[in-house]
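Okay, so here's the structure we're looking at.
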Amino acid sequence: MDSQNLIYETAGAVAIVTVNRPKVLNALNRAVLLELDQTFAGIAANRGIAAVIVTGAGEKSFVAGADIAEMSGFGVAEAREFSRLGQQVFNRIEELPQPVIAAVNGFALGGGCELATACDFRIAATKARFGQPEVSLGVIPGFGGTQRLPRLVGRGMAAQLLFTGDMISSEEALRIGLVNKVVPAEALMEEAKAIAGRIAGRGPLAVSAAKAALREGSNMDLNRALAYEAELFAGGFSTADQKEGMAAFLQKRQADFKAE
Ligand code: CAA
């Protein structure tokens, strides 16, 4: 599934998607967005993949935003189309059945911060930097930044980041809940793979259902969200994985899940 601007690798049941335009700090142009869309569509249909890691190529950057050179010539209609394309791709990541971890190895700015926030959670290298600098360019985020960031870090903190365009350190990102863990750069992929590997060892249908409950529930009032959770919980009892998981516990052995 390699493409021009992405590297696609697998390690067992874990897929690693690397945005690979290091000369422009992995900036997202239309071509990369379309490749990401295609790659994630393939992953969604691949039952052999239980978890995904997204990262950026090179030492310096995760993704330094949408491609400013490409955007600079846009008119209103093209800008709207670009925004909707990015939103569609990031929605696909959010709606992917498998969990997606962002391994933030450097700059996660603008569209890069938006890509990271569309993932289920983020771990970062110490040198990673986060920000939504769009207002410095005279525009606002267009790939979900005004919506996902406040849902993650709260409206006040998101407002400060969106209005100042300031970059924050990985430590500050940890403090405000934007990332779950900060590790030295050389340990980042090992840490991401270790977490993804633990997820891959759990019941895949259950992990997917937990992801769906988190995502869909956050758009519902509490009572509807609890009813949705109960439906997904009950649905688990129609699966072979539930029988295997509980039998394995009672027999004091490792479960062997089949995603059935
Ligand atoms: N788009 C296009 N090219 C980019 C880029 C981007 N977002 N970010 C960096 N590059 C390019 C630079 O132009 C430069 O290219 P050249 O070597 O050809 O000059 C190369 O990558 C290396 O970058 P710098 O020389 O600038 O590296 P630096 O270490 O001095 O600075 C940086 C690093 C602070 C990340 C700086 O590159 C920067 O500010 N980048 C832009 C960040 C930004 O504004 N992102 C938001 C984009 S808008 C957006 O994302 C909208 C949206 O939500 C849809």
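Between helix 204-217 and the chain, what is the angle of the helix's C-alpha long axis to the longest principal axis, kept within 0 to 90° and rounded to the nearest 10?
50 degrees
Just to confirm the number: angle between the C-alpha axis of helix 222-236 and the first principal axis of the chain, 0 to 90 degrees, nearest 10?
Computed tilt is about 50 degrees.
Ratio to report: Rg/Rh of segment 204-250, with Cα atoms as the point set and Rh obtained by the Kirkwood method; give two decimals.
Details: Rg = 12.0 Å, Rh = 11.3 Å.
Using only Cα positions, Rg/Rh for segment 204-250 is 1.06.
Can you give the accessible area of residue 43 in Å² (nearest 10), computed on protein heavy atoms with a 1.4 Å probe?
Taking all protein chains as shown, residue 43 has close to 0 Å².
Pull up the cross-link candidates among the aspartates and glutamates for residue 258, meaning alpha carbon to alpha carbon under 13 Å and not fewer than 8 places away within one chain.
Hits, sequence-local ones excluded: 241, 244.
Have a look at 19, 100, 153 and tell me which one the Gaussian network model of the chain (Cα, springs below 10 Å) gives the largest fluctuation.
Its mean-square fluctuation being the largest, the pick is 153.
Given only helices, namely DSSP H runs of n ≥ 4 each adding -39500 (n - 2.57), what is the per-residue ellipticity at 222 nm of the chain, to the nearest 500 deg cm²/dmol?
Numbers: 11 runs with 125 residues, N = 260.
Rounded to the nearest 500, it is -14500 deg cm²/dmol.
Treating only the Cα positions of segment 6-200 as identical point scatterers, give the base-10 log of I(q)/I(0) from the Debye formula at each q in 0.11 Å⁻¹.
Reported log10 I(q)/I(0), two decimals: -0.43.
Over the chain, what percent of the accessible surface lies on carbon and sulfur atoms, probe 1.4 Å?
On the way: 7290 of 13010 Å².
The computed percentage sits at 56.
Excluding ligands and nucleic acids, what accessible area in Å² is computed for residue 195 using a 1.4 Å probe, to the nearest 10?
30 Å²
Keeping every protein chain present and rolling a 1.4 Å probe, give me the accessible area per residue for segment 1-112 in Å².
Heavy-atom SASA per residue in segment 1-112 reads 42 Å².
Using only Cα atoms and rounding to the nearest 10 degrees, what angle (0 to 90) does helix 188-200 make with the longest principal axis of the chain?
Tilt relative to the chain: about 30 degrees.
State in Å² the accessible area per residue of segment 204-250; use a 1.4 Å probe, count heavy atoms of protein chains only, and round to the nearest integer. Kindly include the intermediate steps, with their values, before the conclusion.
Details: 3090 Å² over 47 residues.
Here the per-residue accessible area is 66 Å².
Ignoring everything but the protein chains, give the 1.4 Å probe accessible area of residue 129 in square angstrom, nearest 10.
About 80 Å², rounded to the nearest 10.
Working with all protein chains in place, sort 172, 95 by solvent-accessible area computed with a 1.4 Å probe, largest first.
Ranked list, largest accessible area first: 95, 172.
Measure out, as a whole number of angstrom, how far apart the alpha-carbon centroids of segment 88-161 and segment 179-213 sit.
18 Å
Computed FRET efficiency, Cβ-Cβ of residue 74 and residue 4, R0 22 Å: what is it to the nearest 0.05?
So, using R0 = 22 Å, E works out to roughly 0.55.
Near residue 223, within a Cβ-to-Cβ distance under 15 Å, what is the net charge of the other residues, with Lys and Arg +1 and Asp and Glu -1?
Taking every Cβ under 15 Å from that of residue 223, the sum is -3.
In terms of Cα to Cα distance under 29 Å, which lysines are near enough to residue 181, apart from those fewer than 8 places away along the same chain?
Candidates past the 8-residue exclusion: 23, 60, 127, 193, 211.
The values are calculated or read from the model by the stated rules, or taken from the named source; none is laboratory data. Since the structure is predicted, the reported quantities are computational estimates derived from the model, not experimental observations. Methodologically, a virtual Cβ is constructed for each residue, glycine included, from the backbone with ideal geometry; neighbour enumeration extends over all protein chains shown. What goes into the accessible areas is simple: the full protein's heavy atoms, side chains included, and nothing from ligands, DNA or RNA. Shrake-Rupley method; radii C 1.70, N 1.55, O 1.52, S 1.80 Å.
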